[in-house]
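Asks: Before we start, here is the structure in question, set down as structure tokens.
The values are calculated or read from the model by the stated rules, or taken from the named source; none is laboratory data. Quantities reported herein were computed from a predicted structural model and do not represent experimental measurements. No Cβ is skipped: glycine too gets one built from the backbone with ideal geometry, and neighbour counts run over all protein chains shown. Side chains are part of the model used for accessible areas, which takes the heavy atoms of the whole protein and leaves out ligands, DNA and RNA. Shrake-Rupley method; radii C 1.70, N 1.55, O 1.52, S 1.80 Å.
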Amino acid sequence: MNPRALEAWSKSFLAGQDTEIRDALLGDSRVVCYPAGAVVCRANEDYRVALIHSGRIRAAITSWDGREVTTRYMTVGQITAVPAMLTDGAPASLHAVTTSEVSVLNPATFRRLMHKHPELSYQVAVYLAESTYETVAYYEDNLFGSVQQRVSRHLLEMANPTAEGLLVQTDQTELANAIGSVREVVARALKKLGDTGAIRRSRRQIWIEDPGLLRSLASSPLGGWTRDGGPG
């Protein structure tokens, strides 16, 4: 069994489940690598129930006029598209923020195991409840936070550690899509952040020079909700 999949499983909400469940799900999975910027799946067309080994994946919904807004970010140990698995589709798309390796799970196997193991179904229900709180918090932040707060938070979420520091590989249009805004407004927010010394820009690269300052400029990343401790 893929050792990276096992490591990711140990960090997932399923880590405490019986090894029979783990072996059945991972044994019926396939490993896929998505380059940064790739569309993992499109809304209402397909879905990928995937255990993330490495990288970061962004979930987003698209409005009737084509504008996008991020609903959540997911990283190592998290599982994508669990609600879609239970409803056979969802209005959300998934995008690889950084190069990401995942185990794509078989949804039919997952559903069969849920029918057989009540403790698994209960754990999925808890996960869905926590995910709902997290998504609502993102909506709250997008509705009531300033553009500078939203840009700051998304830069922190999208940052990838490198030997030279925290790097966000994106441009103004992609960042505007991520927060549900427009390029011109995001450009002004980035200039202000650059003036403070929090970031440094270079073409499609944004370097986070002062993560602490950027965090202080960002709104609460989960709108007062923390997955491991309830209300923060």
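Asks: Which value, in debye to the nearest 20, gives the size of the charge dipole of the chain about its Cα centre, when Lys and Arg are +1 and Asp and Glu are -1 at the Cβ?
Replies: My answer is approximately 500 debye.
Asks: For A92, list long-range residues whose amide hydrogen, built 1.01 Å from N in the peptide plane, is under 5 Å from its own amide hydrogen.
Replies: Close amide H contacts, sequence-distant or interchain: N44.
Asks: Taking only Cα atoms and a 10 Å spring cutoff, compute GNM fluctuations for the chain and point out the largest among N106, N44, N160.
Replies: Top of the fluctuation ranking is N44.
Asks: Once phi is turned into ³J(HN,Hα) by the Karplus curve 6.51 cos²θ - 1.76 cosθ + 1.60 with θ = phi - 60°, what whole-Hz value does each residue of the range 79-89 show in order, with x for glycine and proline?
Replies: For the range 79-89, the Karplus curve yields 10, 7, 6, 5, x, 4, 4, 8, 10, 6, x Hz.
Asks: Still on this structure, please answer the following. Divide, for the range 154-197, the radius of gyration over alpha carbons by 2.2 N^0.38 Å, where N is the residue count.
Replies: For the range 154-197, the normalised Cα radius of gyration comes out at 1.19.
Asks: A follow-up question, please. Pairs of Cα atoms under 8 Å, at least six residues apart: use those to get the relative contact order of the chain, whole percent.
Replies: Contact order relative to length: 20 percent.
Asks: I've got another one for you. Report the charge-dipole magnitude of the range 1-135 in Debye, nearest 20, computed about the Cα centre from +1 at each Lys and Arg Cβ and -1 at each Asp and Glu Cβ.
Replies: In debye, rounded to 20, the range 1-135 gives about 180.
Asks: Also, quick follow-up: In terms of modelled amide H atoms, which long-range or inter-chain residues lie less than 5 Å from the amide H of L166?
Replies: Result for L166 returns I208.
Asks: What FRET efficiency comes out for the pair D210/S54, r = Cβ-Cβ distance, R0 = 30 Å, nearest 0.05?
Replies: 0.70
Asks: Got a number for carbon plus sulfur as a percent of the chain's accessible area, 1.4 Å probe?
Replies: Whole-percent figure for carbon plus sulfur exposure: 53.
Asks: What are the radius of gyration and Dmax of the range 27-126, computed over its Cα atoms and given in Å?
Replies: Final numbers for Rg and Dmax: 13.6, 43 Å.
Asks: Next question, about the same structure. For the range 87-176, build the charge dipole from Cβ charges (+1 Lys, Arg; -1 Asp, Glu) around the Cα centre, then report which of L166, S93, A129 sits farthest towards its positive end.
Replies: A129
Asks: Grab the DSSP H runs of the chain that are 4 residues or longer, score each as -39,500 (n - 2.57), total them, divide by all residues and round the 222 nm result to the nearest 500 deg cm²/dmol.
Replies: -13500 deg cm²/dmol
Asks: Rounded to a whole number, what is D in µm²/s for the range 79-156 from Stokes-Einstein with the Kirkwood radius over alpha-carbon pairs (10 °C, 1.306 mPa s)?
Replies: D, rounded to a whole number, is 106 µm²/s.
Asks: What is the extension gain from T87 to R201, computed as 0.36 nm multiplied by their sequence separation minus the C-alpha to C-alpha distance, in nm to one decimal?
Replies: My answer for the length gained is 36.9 nm.
Asks: Could you compute the FRET efficiency for A129 and N160, with r as their C-beta to C-beta distance and R0 at 45 Å, rounded to 0.05?
Replies: Efficiency computed from Cβ-Cβ geometry: 0.90.
Asks: Once R0 is set to 35 Å, what does the formula 1/(1 + (r/R0)^6) return for the Cβ-Cβ distance between D18 and A38, expressed as a FRET efficiency to the nearest 0.05?
Replies: 0.55
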